[in-house]
Each structure stands twice: as structure tokens, then as C-alpha cells.
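Throughout, read-outs are computed from the coordinates displayed, never taken from laboratory work. In this text the structure is predicted, and so the values were computed from the model without any measurement. No Cβ is skipped: glycine too gets one built from the backbone with ideal geometry, and neighbour counts run over all protein chains shown.
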Amino acid sequence: MTQHRTQILVAVGLVLLAIWGLHHAVGVNTVLVLGVIIPSVILHELAHGVTALAFGDDTAKVAGRLTLNPIRHVDPVGTLILPGLMALSGLGAFGYAKPVPVNPARMRNPRNHSLVVSLAGPATNIVLALLSVLALRFARPAGTAEQVHLALTYGFNLLGIVDRLLFLLGFLNVSLAVLNLLPIPPLDGSAVVERMLPARAWPTWLTIRRYAMPALIVVFLLDSSRLQAIFTPAERLWANLLGS
């Protein structure tokens with residue numbers, strides 16, 4: 001029954017995306033964004049599973065989630081239906097991949113190791129962002145890094161395809177890292193709060209966890225500028241690494 005329901009949700013999501021595609025021209029930038037965001041999210045989730053496996057938890061491996069196959073990481077609602085509905089409504093873009101399953105009880109040191117597993121995802125995004133800096137500063141023609149830095153002000157459409165791709169690799173992964181480090185359940189940063197909480201605070205925390213993600217989505221829909229104020233300092237730091 002669950003598999004059948006999942007297939008229905010996937011089908012609905014694909015229909016929504018097809019409708020969106022019929023009404024919007026898919027430009028080069030859209031392709032580049034998808035070409036960066038999909039593997040970045042997959043590597044983020046893989047990092048959780050691989051780190052958990054290193055600490056003794058093979059849950060993700062047994063579930064077949066330690067793979068680069070994007071289909072294995074698709075959440076029908078978060079990856080297809082929610083982004084499709086938002087695109088159709090002109091509300092921007094918001095979505096998420098299927099979390100990699102982990103079982104802290106199977107780790108050698110559950111409290112400490114589960115924290116490291118949670119932070120492995122954002123750490124992967126930070127590494128990808130730093131790789132974009134190295135590529136732009138040393139692997140591309142002289143002056144490319146400075147051009148990309150200026151593109152933050154004047155628009156990155158002035159850049160060539162390869163430079164635009166590297167720009168997105170850094171910019172989007174900085175945003176992913178910052179988003180996932182927010183101390184809001186079920187985002188990865190909430191693991192830091194959970195590690196520090198005394199036992200008596202857990203009932204309240206569990207109640208907060210139940211409503212945190214819907215509240216975050218509502219904030220994103222109603223006033224994304226509040227989140228942008230959090231992203232901007234990290235994005236500026238990444239840009240300064242290019243222009244320094």
C-alpha cells in the first residue's frame with residue numbers, strides 16, 4: 001500500500017512539473033541550477049550515511065541509500081510536489097530530498113557520533129563551496145575569480161557557462177550549508193541543540209520538532225527576506241574568498 005501511494009505521489013509530482021515546463025521556457029540557468037543542486041543534495045545525504053557507516057551504523061547501506069542514483073533520494077512531496085506547486089504559483093523554490101536513514105543506537109558512541117553524522121552533510125556543502133573557490137582561482141583563466149566576485153553585483157549572466165556553473169556550485173552550496181545548520185528540527189543544526197539539552201527539556205523539544213518544519217516553510221513563503229538575512233553574511237564570506 002505504501003509503495004502504491006508513493007508511486008501515485010511521484011506521478012502527481014511529475015505531472016505538476018510537466019505542466020510547469022509547458023508554461024515556462026527552460027533556460028540555460030535552470031539547467032545549470034539543477035545540474036548543481038541535485039548532485040549537491042545527493043552528496044549531502046550520502047555524507048550522513050557514509051559517516052554513520054564509519055561509526056558502525058549500516059542502516060543506510062542496508063536500505064540501499066549509499067548510492068549516487070538520484071531516484072533513491074527523491075522524496076515525492078519534498079522533491080516533486082512541493083517545488084512543482086510553488087513553481088506553478090510563482091512563489092519561488094523550496095524543497096528537500098529524502099533523508100538518509102540512520103540509527104544512533106547502532107553507533108559506537110550514539111550521542112557524540114550522531115552529532116558528527118548530522119554535521120557531515122553541511123560540512124560536505126562547505127567543502128564543495130571551497131572547491132568552487134579553488135577551481136575559479138587556480139584552474140580557470142587569470143582574473144576569473146574577480147569576475148565572478150563582480151558578478152554578484154552586476155549579474156552572473158555575464159559569465160561564461162563554465163564560470164557560471166562554478167559560481168552556482170559555490171553559491172548554492174553555501175546556501176545549503178547555512179540552511180541546514182539552522183538549529184530548527186529536522187535540519188542538521190538542530191542536532192547541536194539536542195546534544196546540549198538536559199533530559200528534562202526533551203518533552204518540550206519533541207513538541208517543537210513536530211511543528212518546526214511547517215513553520216519554516218510558512219516563513220519562507222511569507223517573508224523569505226528573514227532567511228536571506230541569515231544567508232547573506234556566509235555568501236559574502238564566500239565571495240570575499242574569490243575577490244581577495
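If r is the Cβ-Cβ distance from Asn240 to Ala201 and R0 is 35 Å, what FRET efficiency results, to the nearest 0.05? Before the final figure, lay out each step's value.
Details: r = 38 Å, r/R0 = 1.09.
Result of the calculation: an efficiency of 0.40.
Rank-order 228-238, 108-118 by packing density, defined as the average count of other C-beta atoms within 10 Å over each peptide's residues, highest first.
Working: 228-238: 13.5, 108-118: 17.1.
Ranking, from highest mean packing down: 108-118, 228-238.
In sequence order, what are the phi-derived ³J(HN,Hα) couplings for segment 56-61 according to the Karplus relation 6.51 cos²θ - 1.76 cosθ + 1.60 with θ = phi - 60°, rounded to whole Hz, with x for glycine and proline?
Once θ is set to phi - 60°, the couplings for segment 56-61 become x, 9, 9, 4, 5, 5 Hz.
Between Ala139 and Thr153, what is 0.36 nm times their sequence separation minus the Cα-Cα distance? Round to one decimal in nm. Before the final figure, lay out the partial values.
Details: separation 14, 0.36 × 14 = 5.04 nm, distance 2.30 nm.
That works out to 2.7 nm of additional length.
State the extension gain, in nm to one decimal, for the chain segment bounded by Arg106 and Arg72, taking 0.36 nm per residue of separation less the distance between their alpha-carbons. It would help to have the intermediate numbers written out before the result.
Numbers: separation 34, 0.36 × 34 = 12.24 nm, distance 2.27 nm.
Fully extending the segment from Arg106 to Arg72 adds 10.0 nm.
State, to one decimal in nm, how far the label point of Ala215 lies from the label point of Val193, with both points 7 Å from Cα in the Cβ direction.
About 0.7 nm, to one decimal.
Measuring from centroid to centroid over Cα atoms, what is the spacing of segment 228-244 and segment 113-177 in Å?
Centre-to-centre (Cα) distance: 10 Å.
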